[in-house]
1. Which residues, counting only those in segment 52-80, are charged (D, E, K, R) and surrounded by 19 or more Cβ atoms within 10 Å (Cβ to Cβ)?
2. Mind counting the residues in segment 1-51 that are modelled with pLDDT of 95 or more, over 16 Å from LYS77 (Cα atoms), open to solvent by 70 Å² or more (accessible area, probe 1.4 Å) and in contact with a helix residue (DSSP H, G or I) (Cβ under 8 Å, 6 or more places away or on another chain)?
3. Test LYS27 against the stated conditions and say whether it is assigned to a helix (DSSP H, G or I) and farther than 18 Å from VAL65 by Cβ.
Amino acid sequence: MSADIKADQMLDAKGLSCPLPILKTKKAVEAMTKGQVLKVETTDAGSKNDMNSWAKRTGNEILKVDEGPGVFTFYIKKSA
């Protein structure tokens, strides 16, 4: 999948540590409509595993993960 995923919403969770990025992601996704995409940026290295397990648990889909210098960007599609 290419980098031109259109995000319907953006969440800046940079500088936050576990569990805040997940809690904020959960809240943002709950407010969205099924099929919409949330772009989340975080600096917490643990969020990679956290996001994956959260997505599996909730039935939402991680479309793409970008790793930049110290920043992880997740594209999450609301499926549930």
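1. LYS77, LYS78
2. Number of matching residues: 0.
3. Judged against the criteria, LYS27 is a match.
The values are calculated or read from the model by the stated rules, or taken from the named source; none is laboratory data. The shown structure was predicted, so the numbers you read here are calculated from the model rather than taken from an experiment. As a convention, Cβ positions derive from the backbone with ideal geometry for all residues, glycine included, and neighbour counts pool all protein chains shown. Surface accessibility is based on the protein's heavy atoms, side chains included, excluding ligands, DNA and RNA. Shrake-Rupley method; radii C 1.70, N 1.55, O 1.52, S 1.80 Å.
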